[in-house]
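Below is one structure, written out as structure tokens, with a few remarks after it.
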Amino acid sequence: MILVVILIVLMLVAAVAAAIFKDLLSAVIASCIVSLIAAILFYFLQAPDVAMAEASIGAALVTAVFVIALKKSSRYEE
Amino acid sequence: MVNPVLLIAVPLGLAFSIPLFGFISRRIEKYIPVAGMLFNLVLSIILVPKVLQSPIVISIGGFRPPFCINLVAGTVGVFLSVVIAAMGFLVSIYSLSYIKEGATEKYHMLFLLLLTGATGVVLTGDIFNLFVFYEILCISSYALVAYPGSREGIEAGVKYLIQGALGSSLVLIAIALIYGQFGTLNMADIARNISSIHSMNIFLPFVLLIGGLGIEAAIFPLNAWLPDAHSSAPSSISAILSGIAIKIGVYAIARMVFTVFGISDTFLFLVTLGLITLLVGELSAFKQQNIKRMLAYSSIGQIGLIVFALGIATPGGVAGGLFQILSHALSKGLLFLAVGYMIYRTGSMEISSLAGMGKRMPFTSLAFTVGAFSLVGLPPFIGFSSKFMVIKAAMAKGSAIFVVLAALVLFAAIIEGAYFFRVVQIIYFKKSDNALKREEAPPTAIIPIAILVTLIIVIGIYPNFLIGLLNSAGSEFLNRVQYIRGVLG
Amino acid sequence: MRKFLAIVLLLILAVGIAQSIGKIPFGTSKTKVGRYYIDNGVEETGATNIVTSVVVNYRGFDTLGEVTVLFVAALGLGAVLALKKKKQENDELERASLVLTSGCKFLFPFILLFGSYIFIHGHLTPGGGFQGGAVIASAFLLIYLGCRERKINENGAKAIESLSGLLFVVIGLIGLAVGGYFLLNYLPKGIPNTLFSAGIIPIIYIAIGFKVGAELTGIIDNLMEAED
Amino acid sequence: MTFLVDHIYYIGCFGLILIGMYIILAKSNLIKVIIGLSILDTGVNLLLIAIGYINGGTAPIFSRPGIEANGMVDPVPQALVLTAIVIGVAVLALALSLAIRLYRHYGTLNLRKIKGQKW
């Protein structure tokens, strides 16, 4: 239970960080952390299928797509 | 046995197979949407007499309804799918020669999938399935708005996408809350159990659903994306977006209000909202100098009128709303299709640049005039019959407030008349500096435009053969008990 | 001003949500449809993973729609980015180091194998077409990052996408022809917990796996090739 | 305090939903807004799964014979979330492609600086 509380707090911190960072690459990494922690929570909530989907799609592929898009545009928020 | 699921499955299969046809010959690709929509049109017209007797309920996968997704092909659903297929068929013919630039095979696939998504929304009986088809509709419209790749197109696409995605997230939250309280996603099952739940607990999901779906329907405070999106899309897509897509949002809201939630307190709210949307849309349209933006704002106004008619919530009012959906789809579709080639010839969207069009493109100008008069509500066109039906239903309500509201609707029609007559006057009577050479639109554009003109006039003169269908649809839409019994037995 | 308005709006929403979520207790059973699936799912569909039987069979129509959504997005992305593809300028690209290149080449078949394992066993163990397809797409992503001169065959990807989508629809239509219901599970259910069981579920999940894999790869390909 | 611990999952997903919406409404950079959409999606997915959870439940998979069916968590939200995740990815990919094109046209992703973008 303590682990879950810590994970959720971490997840919210990462989400706030994604909102604050001016460097968009850092913000993308923060949102990737949100997805990863969400995947772990899905596993705790007895949803292994969803955990796999979130880890492979939500965390890995989405982050890759974001990074490619950042490379094609600008990295810093103005 | 004609099965309504074919209305969704066959166009989907055709859309998936367009690249395969492309390997054989690149020239067949663009005829696939025409074939798909023709199939849908024929099939849904065949279904009309059957559903007039009793609604067809189809379960998918062979399980009993609450445990599987079911389609409910009632009069309303089949009527709307006829409208979708007819408009889709005509516009896909128009697209054959209109769309030349960019990745055309992708355009044709997206076009077919957009209409399939719309058909799915009107036929489904499951709330999450509705969400999925709704997403197909929305995502393909985002892509098609951005399809020309111009600055305005991309900008409008971004705006539309962000607001639409926010709206679908709201819908998904509402679905989660509904599932948490009812343990089921079937609309009939939810409707059966909704009275057992305290109304405070369904208030938030209700608001979220109306808000989320209202973004796509462009109801008043949520319509910021529409003028940009509808004016910067290719004209064929504007015709579909104005003619079909926004009405699907209105249908979804009406389905939620009438069938799933059945809250009669919200009807007056809907009427007010519709009227505000109507006035805001028409007044904004009055100020526009850009012809496509003017048409887009006028769509907002017409959506308001449809919401107003549905909010009257008598069989007559709902029938009038459905008639207005048909009438607006035909008229606004015609206007966008006609304007498409006018803009193509002049290269400008300013209303003033249309001067002299009456001599340069006589047939297209005539068609534009017919569409404009029908939209304003002049006899003998279809717009007159539908507006007349809505106002009659509002009067039949009997209370003084509805008389005032009906007067406001007439006032909006006068504004509408003012700005449309201005355009018609410029087309025919303003002198143009350019050489007046006749440059009529190509036959693939003339044919759908001519069919639309014929439909507008014929239905306008003989509305009676539709009235029976519309009245049956109107009373079916309001009858929750029959819907629940039809699905769950 | 804008931020202030946003916060006020969100506070109202938060209060509303807190009100209504209080009525949905956490951790208690409130399902009725789900209960039915757990009790009868194995018997009716032959899949031991109930989530799979819900995704592919009970709510298979949703899944058809969902595959279409991804298809639409891939198409739209292709159409938006279509105008000019980057020319062949592979020579200018900095070559990745030998270790990275050979490492990627070495890992690539194993990741593909893992991905296909996931979607072939979707009806028995956690995982399925979406997860397996995503894993396959990540294998191609690896190839893009590691061996930049390699390009996927676009026509091949398109053909796989179309054929697998078509297979899904056709399986459904056969069900309609055979038993009168779209997506009816008309193949023998077999013995639960064996690979060849659950009727049409594994076939559909394999089709979804190929389709999702091809589509996600196409999305990455289109984004990488787009002009800067 | 026990209330908070009992509802910790709900708190987590509403936190995500609200943060995501705040980013969408208040931030001006398009990529930031898309990140907000992704966080919002994650929050909604977590909400659905949390609603389907049963205390002490097991995953709805009969991986070996003789598993107790009574304690299984609800499979329906899991199926819905699988769908929702894929839809989320589809929207994100399309949004990012539009962002790339927007940047090429305007040289900026700041929505307030782009003429016509009145939000």
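FYI, it's all coordinate maths here, none of it is from the lab. Bear in mind the structure is a predicted one, so any value in this text is a computation, not a measurement. Note that each Cβ is placed from the backbone with ideal geometry, even for glycine, and that neighbours are counted across all protein chains shown.
Note on C:Lys23 and B:Lys392: the model spin-label points, each 7 Å out from Cα along the C-beta direction, lie 4.1 nm apart.
Axis angle, to the nearest 10 degrees, between helix B:291-312 and the longest C-alpha principal axis of chain B: 30 degrees.
Restricting attention to the range B:340-489, the count of lysine pairs at 8 or more positions apart or across chains with alpha carbons under 20 Å apart stands at 4. For B:Gly167, neighbours were defined as the other residues whose beta-carbon sits under 14 Å from its Cβ, and their charges (Lys and Arg +1, Asp and Glu -1) total -2. Among the listed pairs B:Lys106/D:Lys27; A:Lys72/D:Lys113; B:Lys287/B:Lys332; B:Lys292/D:Lys32; C:Lys3/D:Lys113; B:Lys159/D:Lys32, those whose Cα-Cα separation exceeds 21 Å are B:Lys106/D:Lys27; B:Lys292/D:Lys32. Near B:Thr444, once Lys and Arg are set to +1 and Asp and Glu to -1 for all other residues with Cβ below 13 Å from its Cβ, the sum equals +1. Pairing the Cα long axis of helix B:6-24 with the longest principal axis of chain B, what angle in degrees results, from 0 to 90 and rounded to the nearest 10? Compared with the principal axis, the helix lies near 50 degrees. Placing +1 on the Cβ of every Lys and Arg and -1 on the Cβ of every Asp and Glu, with nothing else charged, gives the range C:2-225 a dipole about its Cα centre of roughly 540 debye.
Relative contact order of the range B:6-488: 16 percent, from C-alpha pairs under 8 Å at least 6 residues apart in sequence.
Sort B:302-309, C:134-141 for me by packing, meaning the mean count of neighbouring Cβ atoms within 10 Å per residue, highest on top. Walk me through the intermediate numbers first.
Details: B:302-309: 28.5, C:134-141: 24.4.
Top to bottom by mean Cβ count within 10 Å: B:302-309, C:134-141.
When the alpha carbon gyration tensor of chain A is reduced to an equivalent ellipsoid, the three semi-axes, largest first, read 25, 16, 5 Å.
With contacts taken as Cα pairs under 8 Å and at least 6 residues apart, the range B:302-357 reaches a relative contact order of 21 percent.
Please state, as a whole number in µm²/s, the translational diffusion coefficient that the Stokes-Einstein equation yields for chain D at 10 °C and 1.306 mPa s, with Rh defined as the Kirkwood radius across alpha carbon pairs. All intermediate terms of the calculation are to be shown ahead of the outcome.
Numbers: Rh = 16.9 Å.
Rounded, D is 94 µm²/s.
Between the C-alpha center of the range B:428-489 and that of the range A:16-49 there is a gap of 49 Å.
Altogether, the Stokes-Einstein calculation at 25 °C and 0.890 mPa s, with the Kirkwood radius of the protein assembly as shown over Cα pairs as Rh, returns a diffusion coefficient of 88 µm²/s. When you look at the Cβ of every residue in C:41-51, what mean number of other chain Cβ atoms sits within 10 Å? Rounded to a whole number, the mean comes out at 5. Across chain C, C-alpha contacts under 8 Å between residues 6 or more apart give a mean separation that, scaled by the residue count, equals a relative contact order of 28 percent. Annotation: amide H-H contacts under 5 Å for D:Thr58 (H modelled 1.01 Å from N, sequence separation of 5 or more, or interchain): D:Met72, D:Val73.
Quick one: divide the alpha-carbon radius of gyration of chain B by 2.2 N^0.38 Å and tell me what you get. For chain B, the normalised Cα radius of gyration comes out at 0.93. In a reduced charge model with +1 at each Lys and Arg Cβ and -1 at each Asp and Glu Cβ, chain D shows a dipole moment near 1060 debye about its Cα centre. For B:Phe269, put the label point 7 Å out on the Cα→Cβ axis and report which residues of the range B:149-191 keep their amide N under 19 Å from it. Only B:167-168, B:170-179, B:191 pass the distance filter. For the segment B:63-69, counting C-beta atoms of other chains within 10 Å of every residue's C-beta and taking the mean gives 6.
Taking θ as phi - 60° and the Karplus parameters 6.51, -1.76 and 1.60, the scalar couplings of the range B:404-418 work out to 4, 4, 5, 4, 5, 4, 5, 4, 4, 5, 5, 4, 4, x, 4 Hz in sequence order, x denoting glycine and proline. Sparse packing (at most 14 other Cβ atoms within 10 Å of the Cβ) combined with a DSSP loop state is found for the following trypsin sites (Lys or Arg not before Pro) in the range B:1-99: B:Arg26, B:Arg27. As a rough guide to protection, the peptides B:399-411, B:197-209 ranked by mean Cβ packing within 10 Å, highest first, stand as B:197-209, B:399-411.
Direction-averaged shadow area of the convex hull around the Cα atoms of chain C, nm²? Walk me through the numbers before you get to the answer.
Details: hull surface 75.3 nm².
Its Cα hull, projected and averaged over all orientations, spans 18.8 nm².
Projected onto the charge dipole of the protein assembly as shown (+1 at Lys/Arg Cβ, -1 at Asp/Glu Cβ, origin at the Cα centre), which of B:Ser242, B:Val132, B:Gln482 gives the Cα projection farthest towards the positive end? About the Cα centre, the residue reaching furthest to the positive side is B:Ser242.
Calculation over all alpha carbon pairs of the range B:387-458 in 5 angstrom steps from 0 returns a P(r) of 3, 12, 11, 12, 16, 15, 11, 8, 6, 4, 2, 0 percent. Under 26 Å of direct C-alpha separation, and excluding same-chain neighbours fewer than eight residues apart, B:Lys50 reaches these lysines: B:Lys247. Restricting the range D:23-119 to trypsin sites (Lys or Arg not before Pro) that sit in a DSSP loop and have at most 13 other Cβ atoms within 10 Å of their own Cβ leaves D:Lys115, D:Lys118. The label point for B:Ile401 and the one for B:Val207, both projected 7 Å from the Cα toward the Cβ, are 2.1 nm apart.
Let me check I've understood the local charge: for B:Met37, count other residues with C-beta under 15 angstrom from its C-beta, Lys and Arg +1, Asp and Glu -1. What total comes out? Mind dumping the intermediate values first?
Details: positive: B:Lys30; negative: B:Glu29.
Charge balance near B:Met37 sits at 0.
The alpha-carbon atoms of the range B:284-363, seen along their principal axes, cover 46, 26, 15 angstrom, with the largest extent given first.
Positive end of the dipole of the protein assembly as shown (Cβ unit charges, origin at the Cα centre): among A:Ile29, B:Ile276, B:Phe79, the Cα lying farthest that way belongs to B:Ile276.
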